[in-house]
Amino acid sequence: MDYTWIIQINSLNLVTLGIILYSVCKNYDRQIRQRYFINALLTAMISFCADINWGLIEGKFIAEPRIANFLTNSIYLISTIILSYFWFCYVEYALGASFINNPLVRKLIKIPIIITIAGVIISYFNG
């Protein structure tokens, strides 16, 4: 597998999201949906950085210990699940859904994040 394509595509995505983030922050008006959008952009950028690092490790461009590969995969997985949470909240606020304002609903939709993070931590000890 040619890992240079993965690195190049994710780098281009990272630059594109950086431009969008700059544009959004330049016109920041402190709406809650805009905060969720900015958080989604930042977590997507973290996800792309982790994917770039994964491509560098798997492509043998850099030699890192096995734990670095585990951390890279963990960061990618956790940032992706957090990205989905931020995107869900952004879309719900943008559409004007009233149930997202309920504190119980916000706690319930965080359950998959907690389960994923616990699973990632437990997977380290399972090999």
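Any read-out appearing in this document is the output of simple, stated calculations on the displayed coordinates, not a laboratory observation. As the structure is a computational prediction, the values presented were derived from the model and not from experiment.
Full extension of the chain between I109 and Y22 yields a length gain of 28.5 nm, computed as 0.36 nm times the residue separation minus the alpha carbon distance. Calculate log10 I(q)/I(0) of the chain for q = 0.11, 0.22 Å⁻¹, where I(q) comes from the Debye formula with a single equal point scatterer on each Cα and nothing for solvent. For the requested q values the scattering log ratios are -0.48, -1.23.
Here is the tail figure for the stretch 2-58: Cα pairs spaced more than 16 Å apart come to 45 percent of all pairs.
Temperature 10 °C, viscosity 1.306 mPa s: under these conditions the Stokes-Einstein estimate for the stretch 78-127, based on its Kirkwood radius over C-alpha pairs, is 132 µm² per second.
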